[in-house]
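The values are calculated or read from the model by the stated rules, or taken from the named source; none is laboratory data. These numbers were taken from a predicted model, which means no experiment stands behind them. Cβ placement follows ideal geometry from the backbone for every residue including glycine, while neighbour counts extend to all protein chains displayed. Accessible surface areas use protein heavy atoms only, side chains included; no ligands, DNA or RNA. Shrake-Rupley method; radii C 1.70, N 1.55, O 1.52, S 1.80 Å.
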Amino acid sequence: FKGGDTCEYLLSSGRFLGEKVWQPHSCMMHKYKNSEAKNCLIDKHVVFIGDSRIRQLFYSFIKLINPQVKEEGIKHGNIPFEDKSASIKVDFLWYPEVNGSMRQRIKSWTEGSVAKPHIIVVGAATWSIKIHNGSNEALAQYKINITSIAPLLEKLAISSDVYWVLQDPVYEDMLSESRKMITNEKIDAYNEAAVRILNSSSRNSKAKVKVFSVSKLIAQETIMKSADGLHLPESSRDTNAMILMNVYCNKIMKPIDGSCCQPQPPLTLIQKIAFCFFTLSIIGYLIISLIHRNNYRKNKSCTDLESGEEKKPAISTPGVSTLEMLLHCFCKLGLIMTYFYLCDRANLFMKENKFYTHSSFFIPIAYILVLGVFYTENTKETKVLNREQTDEWKGWMQLVILIYHISGASTFLPVYMHIRVLVAAYLFQTGYGHFSYFWIKGDFGVYRVCQVLFRLNFLVVVLCIVMDRPYQFYYFVPLVTVWFMIIYATLAVWPQIVQKKANGNCLWHFGLLLKLICLLTCIYFLSYSQGAFERIFSFWPLSKCFELNGNVYEWWFRWKLDRYVVFHGMLFAFIYLALQKRQMISEGKGDPLFSNRVSNVLLFISIVSFLTYSIWASSCKNKTECNELHPSVSVVQILAFILIRNIPGYVRSVYSSFFAWFGKISLELFICQYHIWLAADTKGILVLIPGFPMFNVLVSTFIFVCVAHEISQITNDLAQIVVPKDNSTLLKRLLCIGGFFSGLHFFSAMQDQSRH
């Protein structure tokens, strides 16, 4: 709300989340890996000047480049470090006092003949306090010395990044007798002098020495853990080094989860065109609304005083109402997309890192479960996986996944493994639902395919344009889209086998099973042949849709993770519908699904299977190994849940309308969370109201759910207009859509060329 530079916040303010995670005010810190640090600092020269505290910071900094470095240098001397592979030089220069020697060294860099370091980190004061026994004369001399050094640092700051590290507080009770004169009162006086003098003569904003004051805040929380009361514990100095790396590298590396010190990305050509389109839609809708209002007033029904009957307007304009509806949808969508952009692309709202605690995940889960049970109603039908039940299933799963994302629970492996089952359950429903439709209806027409593809992909395509993100970034939508096309191709390819045909001859059932076996064979082959999979999806135009960071590996990994579960859903639908047709199951209200004995046995097996999977998932120690087993075993818990939910008649006859409401907009909730509930493309949390975490979550959640619901309505309205039932009109619309994507590809190519 104050505006300003997020670098200032990073260098001066923040708080601890838990004991070790530092959260800067208003922005997110990226945790740099060694490879990233090297790429950022390639061909750079970094210099640390100061006392033993600066030496600590120096060691933490170079460990970000090479973790194998040991603190074995001379204590009271210069320490060089060089990484030849990336041509990085980092030097520590021992100057424990701000005096003539330090001034001479800094002055040498201001002279033209000497190469200037790219980053200079300076700080000293405790030695002056110690040597001069905390005298006022020493403080006066410190002010004189820093006054003489300040113009030189400001001159260097024009071309280099210069940081002055303020002195951390000490833990006076732990100080040795030789350091008892170093008090926090003296340190505050020295810091105050440094802040007042530095940048006092600089009028140029580029020639500013950056004051590194955040270290004081970190030390206030952690100095009690110090070994000697003077030097920070290792975790604290590592945090300071990471802050320093973020300040310098974020603007170079542009990490998604490092919003501190990152400038707002410039608008791309496609984003500008989208902005113009939505602006024209809003203007067009307002003009048509005004025209309609005037026509309504002119043609308004009036009462005939003689007959007492109303006279109806003679003119009817159904064509204009369709145009008005179209513009109305794009008008609302334009306003919503503006909110998306402001939340996650503009530097208008604050962003914070996630921090996982068990309470932040399990308490909201318990809360929504209570709410869900409270809103219990009777179902309209009592079939297995009826519409209300599947909506309820999608709803509570989506709410759990949302809580999982905002709480950062992916760091806790047992929770991660259970969430993987929920994602698999969504894909299971994809297989079950689409197979059931094609098997029962036998409708393989273009209209059905276009309707499904439009509803699945409309929002994601708009977000790819507005938020400048690749299609594969929203990985779940490509996943369900591809699986829908696979289901369609499997059943639509000759011979088309549907329920009506199979009822006449049982051999058709074996024909369908043969198709499913062929599908399973293809899935198995592609899952173990990464090369073949990548070759298929590396062909243009598929490569434009499925590449992420220049390759399709991420897409292969996502597809492989739940590769069998859609097949399991199709197979379950086939078996269930066959049993239903032969009246081998009872789906009456209040009746158990099978005979009492069979129902009790199946129910017992289901509960044991459900709990066994949970125990296995909770005992997982290695994510990679568990992910390898997941595709084959996730169906166990899914089937167990379906049977537990449907075998008892009284359980099958009720559903939670609360969960079902969320289930109807589950796709929109999953996609919208990326930008208007979470932040930095799901890496952080959006902060609309800083300083009040709970209130912020309530407000942002309310807006997020309302927006998702509105987008769901917009998508349904546009689907009726864009995908008509008439085949000739639909063909024209498809040609228009093809032209739209061709134009999008053309502008994308222009955009890529200008970037390169």
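Loop-located GluC sites (Glu not before Pro) in the range 333-411 (DSSP state not H, G, I, E or B) with no more than 14 neighbouring Cβ atoms inside 10 Å: E381. The accessible area of L577, taken with all protein chains in place and a 1.4 Å probe, comes to roughly 10 Å². Couplings for the range 175-187, taken from phi via the Karplus curve 6.51 cos²θ - 1.76 cosθ + 1.60 with θ = phi - 60°, read 5, 6, 4, 6, 10, 4, 6, 7, 9, 5, 5, 5, 4 Hz in order; Gly and Pro are left as x.
Principal axis extents of the Cα atoms in the range 13-253, from largest to smallest and rounded to whole angstrom, are 47, 45, 38. Figure note: K254, K380, K515 ranked by solvent-accessible area, largest first, 1.4 Å probe, ligands and nucleic acids not counted: K380, K254, K515. Taking amide H atoms as placed 1.01 Å from N in the peptide plane, the amide H of V209 lies under 5 Å from those of N199, each 5 or more residues away in sequence or on another chain. Compute the FRET efficiency between L698 and L453 as 1/(1 + (r/R0)^6), taking r as their Cβ-Cβ distance and R0 = 30 Å, and round to the nearest 0.05. Calculated value: 0.25. With K and R counted +1 and D and E -1, the other residues having a Cβ less than 9 Å from that of F81 yield a net charge of -2.
Among K210/K683; K351/K560; K332/K683; K44/K155; K20/K216; K332/K732, which pairs are too far apart, with a Cα-Cα distance over 21 Å? Listed pairs above 21 Å: K210/K683; K351/K560; K332/K683; K332/K732.
Between L399, L603, C545, the Cα set farthest toward the positive side of the dipole of the range 349-723 (charges on each charged residue's Cβ, about the Cα centre) is that of L603.
Candidate cross-link partners of K501 among the aspartates and glutamates, defined by an alpha-carbon separation under 16 Å and a same-chain spacing of 8 or more, comprise D443. Surface calculation, 1.4 Å probe, protein heavy atoms: F473 sits at approximately 40 Å² accessible. In the range 391-435, the inverse of the mean reciprocal separation of distinct Cα atoms equals 11.0 Å; this is its Kirkwood hydrodynamic radius.
The distance separating the Cα centre of the range 536-553 from that of the range 49-66 comes to 43 Å. Positive contributions from Lys and Arg (+1) and negative ones from Asp and Glu (-1), summed over other residues with Cβ under 14 Å from the Cβ of F458, come out at 0. The amide H of A679, built 1.01 Å from its N in the peptide plane, has G684, I685, L686 as neighbours under 5 Å, considering only residues 5 or more places off or on other chains. The order of F362, F81, F525, F557 by accessible area, most exposed first and with a 1.4 Å probe, is F525, F362, F557, F81. For I42, no residue 5 or more places off, or on another chain, has a built amide H under 5 Å of its own. When a 1.4 Å probe is rolled over the protein heavy atoms, the share of accessible surface on the range 173-300 that falls to carbon and sulfur comes to 58 percent. Each of F61, F278 has its accessible area taken with a 1.4 Å probe; listed largest first, they run F278, F61.
Report, as a whole number in µm² per second, the diffusion coefficient that Stokes-Einstein gives for the chain at 10 °C and 1.306 mPa s using the Kirkwood radius over alpha carbon pairs.
D, rounded to a whole number, is 52 µm²/s.
Taken one residue at a time, the phi angles of the range 381-394 give Karplus couplings (6.51, -1.76, 1.60, θ = phi - 60°) of 9, 10, 6, 5, 6, 5, 4, 4, 5, 5, 5, 4, 4, 4 Hz. Gly and Pro are set to x.
Rolling a 1.4 Å probe over the heavy atoms of the protein chains gives the range 365-503 an accessible area of 38 Å² per residue.
If you bin all the Cα-Cα distances of the range 349-723 at 20 Å, starting from zero, the percentages per bin are 25, 61, 14, 0.
If only the Cβ of Lys and Arg carry +1 and only the Cβ of Asp and Glu carry -1, the dipole of the chain around its Cα centre is close to 1220 debye. Of the trypsin sites (Lys or Arg not before Pro) found in the range 648-756, those that fall in a DSSP loop while having at most 14 other beta-carbon atoms within 10 Å are K725.
The string of couplings for the range 160-171 from the Karplus curve (6.51, -1.76, 1.60, θ = phi - 60°) is 10, 8, 10, 10, 9, 8, 5, 6, 6, x, 10, 9 Hz, one whole number per residue in order, with x for Gly and Pro. Under 1.5 on a/c is rounded, so check that first for the range 4-82, then, if it is not, pick prolate when a/b is larger than b/c and oblate when it is not; a ≥ b ≥ c are the square roots of the alpha carbon gyration tensor eigenvalues. Note, shape of the range 4-82 comes out prolate.
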